[in-house]
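Undergrad: My structure is below; once you've seen it, I'll send some questions.
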Amino acid sequence: MVNFPRSEATGGTETLLLNVGPQHPSTHGVLHFMLEMAGETVVTAKPVIGYLHRGIEKLAENRTWQQVIVLTDRQDYVAQFSNEWAYCRAVERLAGIELPERAEWLRTLMGELNRITSHLIWYAGVTMDIGTLGTPFIYAWETRERIFDFFEAVTGARMMPNWMRIGGVRTDIDPALLADLRTFLERDFPKECDTYEALLTGNEIVVSRMKGVGVYTAEECVHLGITGPFLRASGLARDLRRDAPYGAYAKLDFEVCTDPVGDSLARCRVRLRELRESARMCIQLIDGMPEGDIAVKVPKALKPPAGDCYVRTESPRGELGVFVASDGTTRPYRYRVRSPIFYGLSAMPRLLPGHLLADMLVIFGGIDTSMGEIDR
Amino acid sequence: MFGSGLAKGLGITMRRLLAGPVTELYPYDHKVLTPASRTFLAMYVNEEGGPACKACNTCIVGCPDHVLRLEKDPDDNRKPLEFVVNSGRCTFCGLCVENCPYDALHFTPDYERATYDRGTLIYHLVHEGAHTGEGDEPK
Amino acid sequence: MSAALWLRTIVGLVALLALLAGVTLFGVWWERKFIGHLQRRRGPLHHGWHGLLQLPADMIKMIAKEDTVPTAADSLLFQFGPVAAIVPAYAALAALTFAPGIALIDMQHGLLYVFAWETMLPLAFALIGWSCANKFTLIGGLRAAAQLISYEIPMLLAALGVVLTAQSMNLTTIINAQTGWWYVFKQPLGFVIFSVAMLAEMNRSPFDLPEAESELVAGYMTEYSGMKFGFVQLAEYSVLLVGSYLIAALFLGGWNMPFLPASWLWLALKIVLLMTSTMWFRGTFPRLRVDTLTQMSWKWLLPAALVNIMLVAALALWLGPKVY
Ligand code: SF4
Ligand code: SF4
């Protein structure tokens, strides 16, 4: 047991070391927090990561360019399509492959649907952390199941689609499925969103717990390299989908959701609004889906020219960067991921001190961590 | 007013309660997977009733997890003697099915092969008593 | 004591124990079912009719489980903790009147007796939290003590309003005073304060801080396994029963029902409905934060309870005890 020195800051009493995790109900994967507590107040916080390290970056070096897509699914199991997409874009840029229009649109559709499922997982997690007995959790899961059924019908798997390919996508989407999805997104989904808002941001207890908790300014966010909804909730409208459009984003009409406040509640509001925005984008994508090929022919033994490239995408958690280096063989020389929420997690030692234990979980749950992505 | 959000929440949960459960009772209700779903591997048969595989090795090279093993017939280079799938290692990524130039492999719609013995997860696809699935017609 | 009294006492005690066990078993089953359906699941399903035998099976499992004691725990206190929790919970049941004349002892000051035993519980929870040598249980135990103590005061003050009007602390008298208007209509403010405070006393969501699952794993009972856990659970459900009973008896007319003959069935129905609503809250609401929780008690409920007493006293003086 570590005993901290008696400090004046805590009124001269001894502080307490509380290990939250790696086996704890609300650490979203396997994260370990070492908290120095004075009573119920956090004095210092130290996240310990690495419990979910699977060596994906190293594994990728022993696989062919196509086989790495299997790994990217597992890298962040909450935002599978975004990770596949980022990797495929990097390799395509390296090999100079141009995609057919339809492939781009299909990818964008799946990417946005994936944003919805990922935000739903965040919703489920944060409502659990704030102490509901899992009722909003299951309501979010219900919607997610609907979308996962669609994923399964298209890609053959619910969690691990392995659907995007270097040079396009693997399977086309049946128009009947698209029509079903469109009805769901247009008719049922907004109602579900109302429910989510009523149970989270509309609930006075939640507001009393989240308002003013964990305030982080845009300046501090930029300082740490925090992106995505975390940054947008601090008032800075930065979204790669708009600022550096890729896929079909340039042709879509959407709003970048921001909130000036920067506390936990603002982060909830931003994500809940993004749910609706994403659904709106999906409907536009389904309506405007162009005809054509879904992939270009790429040799099985793909050998991108020697060189490297870095590609940024907007994953549900923020700016997901992929760096690939090729030495002209069939295997990547180096594969490196810039995990967006790793930077969010690194804000924790600054954000948590001074807050209560209960606040800690709200703040931490509210930033939407995915340990799979951080540890890789 | 304070409390209206709470009351609304109570209303929502009660409405969902009255709407009835949505869960599937798994061992009683079997979910039918979509045709696209990736589960266990099976092999098509060709016109003569033999395996459709031409022993070209493409799937084996393409498999990221070293799941497949192929033994060629010493007399016929285009005929597999044995085609072994160690499903316990398989990640069901589908690359083998996608890569096969002769469309010899396919996935079965069967997903209930849980077992206590890892050995039973090793399937021989071209032997007698090989695991085939429904729809084993030549393509 | 005469033999008849002995017999009556023993039969009564056994009956109360059976009641407690029955309520716990039914309560856990009903809670799992009800919350399951709130979440659009089905809850237990396989043992018996709609999983009704699940809980007896769970109890057998609990009894058969290995009884672990953490090495660092204060083993004497650790063993004693569940006893300290179950004794007050069980003893408090003795004074409850379930129908006219049906009570183990129809005490002159029954209400005081029940509250006195309920007040012992925070001590037991703090004890349990301390003895386990686990930081999560420690925080849970201290939270329990802080919460229960701060909510006891508004609760007692709200109950005082009823005692003032009924001019008695005997539960039978209080219930019989409600043959006309129930006290919930006469003292709505008192009812709200009492219910909120009782919800906190019962450790029920949104006041389930002592066992806040997402924060403290399982709060003060984290380290308990087997039947010790069962005892703590039993104590929890006993508080739930007593709490629902008190709300029903003090404010909702007990066994009285307008236009219908008085019967213990009404009381049972009210208790079940009250228990169900606590489960409904539990399924819907998130948890309060520890500082908001205590602030709510001291800054809102306590002044409101004082206002309520003054109001009740003034009305009783003005309208006379017979009318009000
Ligand atoms: S599905 Fe993937 S892992 Fe399984 S055998 Fe085929 S290529 Fe190998
Ligand atoms: S790729 Fe097809 S034909 Fe070639 S070995 Fe595999 S199964 Fe046989």
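The values are calculated or read from the model by the stated rules, or taken from the named source; none is laboratory data. Predicted, not measured: the structure shown is a model, and the values here were computed from it. Because the Cβ atoms are built from the backbone with ideal geometry, glycine has one as well, and the counts that use them run over all protein chains shown. Remember, those area values only see protein heavy atoms, side chains included, never the ligands or the DNA or RNA. Shrake-Rupley method; radii C 1.70, N 1.55, O 1.52, S 1.80 Å.
Undergrad: Which GluC sites (Glu not before Pro) does region B:31-130 hold that lie in a coil by DSSP with at most 16 other beta carbons within 10 Å?
TA: B:Glu47, B:Glu48, B:Glu112, B:Glu128
Undergrad: First check a/c for region C:1-64, with a ≥ b ≥ c the square roots of the eigenvalues of its C-alpha gyration tensor; if it is under 1.5, answer rounded, and if not, answer prolate when a/b is larger than b/c or oblate otherwise. Working shown, then result.
TA: Numbers: a/c = 4.25, a/b = 2.68, b/c = 1.59.
Because a/c hits 1.5 or more and a/b exceeds b/c, region C:1-64 counts as prolate.
Undergrad: Of all chymotrypsin sites (Phe, Trp or Tyr not before Pro) in region A:210-269, which ones are in loop regions per DSSP and have a Cβ with at most 16 other Cβ atoms within 10 Å?
TA: Working: sites: A:Tyr216, A:Phe230, A:Tyr246, A:Tyr249, A:Phe254; in loops: A:Tyr216, A:Tyr246, A:Phe254.
For chymotrypsin sites (Phe, Trp or Tyr not before Pro) across region A:210-269 that sit outside H, G, I, E and B with at most 16 neighbouring Cβ atoms in 10 Å, the list reads A:Phe254.
Undergrad: For chain B, what is the relative contact order in percent, using Cα pairs closer than 8 Å and at least 6 residues apart in sequence?
TA: Values: 200 pairs, mean separation 40.7, N = 139.
Relative CO of chain B lands at 29 percent.
Undergrad: As a test question: what accessible area, to the nearest 10 Å², does A:His32 have when a 1.4 Å probe is rolled over all protein chains in place?
TA: Here the residue's solvent-accessible area equals roughly 20 Å².
Undergrad: Another question, if that's okay. Rounded to whole Hz and in sequence order, give me ³J(HN,Hα) for region A:192-203 from the Karplus expression 6.51 cos²θ - 1.76 cosθ + 1.60, θ = phi - 60°, writing x for Gly and Pro.
TA: So the J values, rounded to whole Hz, are 4, 4, 4, 4, 4, 5, 5, 7, 10, 6, x, 8.
Undergrad: Using a 1.4 Å probe and counting only protein heavy atoms, arrange C:Trp6, C:Trp182, C:Trp280 so the residue with the most accessible area comes first. Before the final figure, lay out each step's value.
TA: Values: C:Trp6 135, C:Trp182 40, C:Trp280 60 Å².
Most to least solvent-accessible, the answer reads C:Trp6, C:Trp280, C:Trp182.
Undergrad: Calculate how steeply helix B:4-19 sits against the longest principal axis of the alpha-carbon atoms of chain B, using the helix alpha-carbon long axis, and give the answer as 0 to 90 degrees to the nearest 10.
TA: 50 degrees
Undergrad: On to the next question. Taking a probe of 1.4 angstrom, what is the accessible area of A:Phe33 in Å², to the nearest 10?
TA: In the full protein context, A:Phe33 sits at about 0 Å².
Undergrad: Output the residues of region C:260-283 meeting this criterion: accessible area (heavy atoms, 1.4 Å probe) in the chain alone minus accessible area with all protein chains in place is 10 Å² or greater.
TA: For region C:260-283, once contacts with the other chains are taken into account, C:Trp280, C:Phe281, C:Arg282, C:Gly283 lose 10 Å² or more.
Undergrad: What accessible surface, in Å², does a 1.4 Å probe find on B:Cys53, ignoring ligands, DNA and RNA and rounding to the nearest 10?
TA: My reading of the accessible area for B:Cys53 is about 20 Å².
Undergrad: Related question: Taking square-rooted eigenvalues a ≥ b ≥ c of the alpha carbon gyration tensor, is region B:60-108 rounded, prolate or oblate, where a/c under 1.5 means rounded and, failing that, a/b exceeding b/c means prolate? Numbers along the way, then the final one.
TA: Values: a/c = 2.17, a/b = 1.56, b/c = 1.40.
Prolate shape, in that a/c is at least 1.5 and a/b is the bigger ratio.
Undergrad: Compute and list, largest first, the equivalent-ellipsoid semi-axes of the protein assembly as shown from the alpha carbon gyration tensor, each √(5λ) rounded to a whole angstrom.
TA: On the way: eigenvalues 677, 190, 133 Å².
Output for the protein assembly as shown: semi-axes of 58, 31, 26 Å.
Undergrad: Return the sequence-ordered ³J(HN,Hα) values of region A:356-371 in whole Hz as given by the Karplus equation 6.51 cos²θ - 1.76 cosθ + 1.60 applied to θ = phi - 60°, using x for Gly and Pro.
TA: In residue order, the calculated couplings are 7, 4, 5, 5, 4, 5, 5, 5, 5, x, x, 8, 6, 7, 9, 5 Hz.
Undergrad: Now, a different point. Per q in 0.08, 0.13, 0.15 Å⁻¹, report the Debye log10 I(q)/I(0) for chain C, using one uniform scatterer on each alpha carbon and no solvent.
TA: -0.38, -1.01, -1.32
Undergrad: May I pose another question? How far is helix A:101-129 tilted off the main Cα axis of chain A, in degrees rounded to 10, range 0 to 90?
TA: Computed tilt is about 20 degrees.
Undergrad: Sticking with this one: If you bin the C-alpha pair distances of chain A every 10 Å from 0, what whole percents do you get?
TA: 5, 24, 32, 24, 11, 4, 1, 0
Undergrad: Could you name the lysines whose alpha carbon sits less than 29 Å from that of C:Lys135, not counting residues in the same chain fewer than 8 places away?
TA: Within the straight-line cut-off, C:Lys135 pairs with A:Lys46, A:Lys211, C:Lys61, C:Lys65, C:Lys228.
Undergrad: For region A:327-372 and region A:212-243, what is the separation of their C-alpha centers, rounded to whole Å?
TA: Here the two parts' Cα centres lie 14 Å apart.
Undergrad: For region C:83-163, just say rounded, prolate or oblate: build the C-alpha gyration tensor, square-root its eigenvalues into a ≥ b ≥ c, call rounded for a/c under 1.5, and beyond that prolate if a/b exceeds b/c, oblate if not. Walk me through the numbers before you get to the answer.
TA: Details: a/c = 4.16, a/b = 1.80, b/c = 2.31.
Oblate, since a/c reaches 1.5 and b/c is not below a/b.
Undergrad: When the Debye formula is applied to the Cα atoms of chain B, each taken as the same point scatterer, what base-10 log of I(q)/I(0) results at q = 0.15, 0.19 Å⁻¹?
TA: Those come out to -0.76, -1.13, one per q.
Undergrad: Enumerate the amide H contacts of A:Ser326 below 5 Å, restricted to partners 5 or more residues apart or on another chain; note that Pro and chain-start residues carry no placed amide H.
TA: Here A:Gly307, A:Asp308, A:Tyr333 satisfy the definition.
Undergrad: Follow-up. Run the numbers for C:Val14 and C:Val69: contour at 0.36 nm per residue of separation, minus the present Cα-Cα distance, in nm. Write out the running numbers ahead of the final one.
TA: Working: separation 55, 0.36 × 55 = 19.80 nm, distance 2.97 nm.
Stretched fully, the C:Val14-C:Val69 segment lengthens by 16.8 nm.
Undergrad: When chain A is treated as a GNM, springs tying every alpha-carbon pair under 10 Å, which of A:Glu186, A:Glu291, A:Glu277 comes out with the largest mean-square fluctuation?
TA: Among A:Glu186, A:Glu291, A:Glu277, the largest GNM mean-square fluctuation belongs to A:Glu291.
Undergrad: If you average the sequence gap of Cα pairs under 8 Å that are 6 or more apart and divide by the length of region C:189-324, what percent do you get for the contact order? All intermediate terms of the calculation are to be shown ahead of the outcome.
TA: Values: 101 pairs, mean separation 41.6, N = 136.
Here the relative contact order equals 31 percent.
Undergrad: Relative contact order for region A:57-374: what is it in percent, counting Cα pairs under 8 Å that are at least 6 residues apart?
TA: Working: 567 pairs, mean separation 89.5, N = 318.
For region A:57-374, the relative contact order is 28 percent.
Undergrad: Go ahead and set up a Gaussian network model of chain C, Cα springs under 10 Å, then flag whichever of C:Gln147, C:Gln39, C:Gln79 fluctuates most.
TA: Sorting by GNM fluctuation, first place goes to C:Gln39.
Undergrad: Simple spin-label model, 7 Å along Cα-to-Cβ: B:Glu71 to C:Asp291 in nm?
TA: 7.3 nm
Undergrad: I've got another one for you. Under a 10 Å cutoff between Cα atoms, tell me which one of B:Tyr44, B:Tyr102, B:Tyr116 has the largest fluctuation in the Gaussian network model of chain B.
TA: Checking each option, the largest mean-square fluctuation is seen for B:Tyr116.
Undergrad: Looking at chain C, do any whole DSSP H helices span at least 20 angstrom along their long axis by alpha carbon and average 0.0 or above on Kyte-Doolittle, and which? If you can, show how the numbers build up before the last one.
TA: Working: long enough: C:3-38 (51 Å, 1.37); C:75-91 (25 Å, 1.42); C:110-131 (32 Å, 1.37); C:135-166 (46 Å, 1.32); C:226-250 (36 Å, 1.31); C:264-284 (30 Å, 1.03); C:302-319 (25 Å, 2.26).
What comes out of the filter, once short or polar helices are dropped, is C:3-38, C:75-91, C:110-131, C:135-166, C:226-250, C:264-284, C:302-319.
Undergrad: Sticking with this structure for a sec: 5 Å is the cut-off here: which amide hydrogens, built 1.01 Å from N in the peptide plane, fall below it relative to A:Met37, excluding neighbours closer than 5 in sequence?
TA: Hits under the 5 Å cutoff: A:Leu16, A:Leu17, A:Leu18, A:Val43.
Undergrad: Using helices alone, I'd like the mean residue ellipticity at 222 nm for chain C: each DSSP H run of four-plus residues gives -39500 (n - 2.57), total over residue count, nearest 500. Write out the running numbers ahead of the final one.
TA: Details: 13 runs with 216 residues, N = 324.
Dividing the helical sum by the residues of chain C leaves -22500 deg cm²/dmol.
Undergrad: For B:Lys8, go through the aspartates and glutamates and keep the ones whose alpha-carbon is under 12 Å away, minus same-chain ones fewer than eight residues off.
TA: A:Asp194, A:Glu197, A:Glu204
Undergrad: Now for a separate question. Which of the lysines could a cross-linker span from C:Lys270 if the Cα-Cα distance has to be under 22 Å and same-chain partners fewer than 8 positions apart are dropped?
TA: Candidates past the 8-residue exclusion: C:Lys33, C:Lys186.
Undergrad: Before rounding to the nearest 500, sum -39500 (n - 2.57) across all DSSP H runs of length at least 4 in chain A and divide by the residue total; then give [θ] at 222 nm in deg cm²/dmol. Display every interim value, and only then the final one.
TA: On the way: 16 runs with 170 residues, N = 376.
Helix contribution divided over all residues of chain A: -13500 deg cm²/dmol.
Undergrad: Taking H placed 1.01 Å from N in the peptide plane, check which residues at least 5 places from B:Thr34 or on another chain put their amide H under 5 Å from its amide H.
TA: Close amide H contacts, sequence-distant or interchain: none at all.
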